[in-house]
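Below is one structure; the comments refer to it alone.
Nothing in this text is a laboratory measurement; each read-out follows from the coordinates by a stated rule. Keep in mind it's a predicted model, so treat the numbers as computed, not measured. When we count neighbours, we look across all protein chains shown, and the Cβ atoms used for this are built from the backbone with ideal geometry, even at glycine.
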């Protein structure tokens, strides 16, 4: 499924890639937690276009401050594990 807010569907990583700086919602540099469904992992990046520092989450994280990435996320990749 392709979402109009998702920049690209990448068959290599089996999931959408989203550049938060390019969407109309103001999520850029304002995300503080994440829910990761079973069987998926999420890579978050400090810069747009998947650049800068990267963190990988395989489970929910209610406080990005504890991971050192609070309010700095600008792009994200969602990976469906097989």
query: Using the 10 angstrom Cβ neighbour count as an exposure proxy, how do 44, 76 rank, fewest first?
result: 76, 44
- prompt: What list do you get for 73, 40 if you sort them by fewest beta carbons within 10 Å?
  reply: 40, 73
field: Sequence of 71, 48 once ranked by neighbouring C-beta atoms within 10 Å, starting from the fewest
entry: 71, 48
